[in-house]
1. Being buried (at least 19 other Cβ atoms within 10 Å of the Cβ) and of a type in the set (D, E, K, R) is the filter here, so list the residues in region 46-67 that pass it.
2. Contact list please: Cβ distance under 6 Å, first residue in region 179-202 and more than 22 Å from K152 (Cβ to Cβ) and assigned by TED's automatic domain parsing to the domain that holds K235, second residue hydroxyl-bearing (S, T, Y) and outside any strand (DSSP E or B), pairs at least six apart or on different chains.
3. Scan region 108-157 for residues that are in contact (Cβ under 8 Å) with a residue 60 or more places away in the chain, of a type in the set (A, V, I, L, M) and touching a strand residue (DSSP E or B) at 6+ places or on another chain (Cβ under 7 Å) and report the count.
4. Suppose the filter is over 25 Å from L108 (Cα atoms) and away from ligand 1 (no atom under 16 Å from the Cβ); does G241 pass it?
5. Quick one: count up the residues across region 141-167 that are of a type in the set (K, R), near ligand 1 (Cβ under 10 Å from one of its atoms) and part of a loop (DSSP other than H, G, I, E, B).
6. List pairs: first in region 66-91 and closer than 14 Å to Y35 by Cα, second basic (K, R), Cβ under 7 Å, 6+ apart or cross-chain?
7. Run down L114, L103, L92, L138 and say which single residue is hydrophobic (A, V, I, L, M, F, W, C) and over 18 Å from the mean Cα position of the chain (by Cα).
8. Please go through region 124-137 and pick out each residue that is within 16 Å of ligand 2 (Cβ to nearest atom) and in a loop (DSSP other than H, G, I, E, B).
Amino acid sequence: MILIIGSDEDFHSKYILEKLHEQNTPAKYFDTRKYPVLNWSPEGENDYIILDDEKIYLKDVTGIYWRWYYGVIYGTSDIVYREKTSALESFLCSLEDISWNSLQSVELHRKKGLQSKIMQNNGIRIPKTIVTNDQDALEKFYLENNKNIIYKPVRGGAYTQKLKEEDFLRKDTLINCPCQLQECIDGIDIRVYAFETGEIFSGEILANSIDFRADDKAKINKHPLPENIQKDCLKILKLLGLKYSGIDIRLSNSGEYVFIEANPAPMFTHFENMTGYEITNTLIKNLKKV
Ligand SMILES: Nc1ncnc2c1ncn2[C@@H]1O[C@H](COP(=O)(O)OP(=O)(O)OP(=O)(O)O)[C@@H](O)[C@H]1O
Ligand SMILES: [Mg+2]
């Protein structure tokens, strides 16, 4: 049995569910908005959940595909909400070994400053970065980086943009909310799908915008990585507790590979269609543990 944290509303959840069913592999959505009956113990012998009247013993689950976590719907009171969340999340975190990926790694990705720090402290080349809401620090960082910096959210959810002189002159820019500033790595985007089982699929994305997602005509070509960068990708998985990841890299105009971030629940079907890499099969093989 494979569980999919997601629902029909998410394309990748639906896609993986259909693929598994085509292969006659039992698979089911685990949509946390419908709170399951759950029975969990530290020994883990007879743990089970009941999803839509189907009792699923965890010992029968070979993999969990983590795509879209809805959390717990607020019900009657704060205390009930907190208790339900804690019970569900203790349970989900305890399944780290079979989760592609775990709740822990998803939570770490929401704290991008920390993700960057872990990479930096372990010898991974990342852009020079600050997370700040201090206008003076912004000014200093801007000048130190030859007036060539980008800004983007600390948690994610908005496009990366180049900091322009006029943004910078607006003295109230940061008062309400901190943001993440980085030296701008001029060059091209590389997206890598790396699996802890050793498979690495990498491609270059040729886009006309600073954030490639803003260009829907972006081209994607296969781009084999140098060995040391492949090793760094696998090292990042270990450092961030990821079983696989969609890793974003910028290849600078001077030929340096600079790591931007490692996504725990990446989209991949478009990239797969454009490159022909077997990402779906690799993911499914791992979820099935075959
Ligand atoms: N320092 C940088 N220099 C140049 N381009 C950058 C830099 N940081 C980000 N980008 C561009 O913006 C894109 C998005 O940035 P990033 O991956 O850090 O955040 P995000 O994708 O918005 O986060 P999330 O995936 O959580 O929404 C990158 O893939 C890259 O194209
Ligand atoms: Mg990204």
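The values are calculated or read from the model by the stated rules, or taken from the named source; none is laboratory data. What you are looking at is a predicted structure, and each value in this text was computed from that prediction instead of being measured. When we count neighbours, we look across all protein chains shown, and the Cβ atoms used for this are built from the backbone with ideal geometry, even at glycine.
1. Those that are buried (at least 19 other Cβ atoms within 10 Å of the Cβ) and of a type in the set (D, E, K, R): D47, R67.
2. Close Cβ pairs satisfying both conditions: F195/T282; E199/T282; F201/Y277.
3. Within region 108-157, residues that are in contact (Cβ under 8 Å) with a residue 60 or more places away in the chain, of a type in the set (A, V, I, L, M) and touching a strand residue (DSSP E or B) at 6+ places or on another chain (Cβ under 7 Å) number 4.
4. No.
5. Within region 141-167, the subset of a type in the set (K, R) is 147, 152, 155, 162, 164.
Among the residues that remain, those that are also near ligand 1 (Cβ under 10 Å from one of its atoms) are: 152, 155, 162.
Still in the list and also part of a loop (DSSP other than H, G, I, E, B): 155.
Residues in region 141-167 being of a type in the set (K, R), near ligand 1 (Cβ under 10 Å from one of its atoms) and part of a loop (DSSP other than H, G, I, E, B): 1 in total.
6. Y70/R33; V72/K84; I73/R33
7. Among L114, L103, L92, L138, only L138 is hydrophobic (A, V, I, L, M, F, W, C) and over 18 Å from the mean Cα position of the chain (by Cα).
8. The answer is I124, I126, P127.
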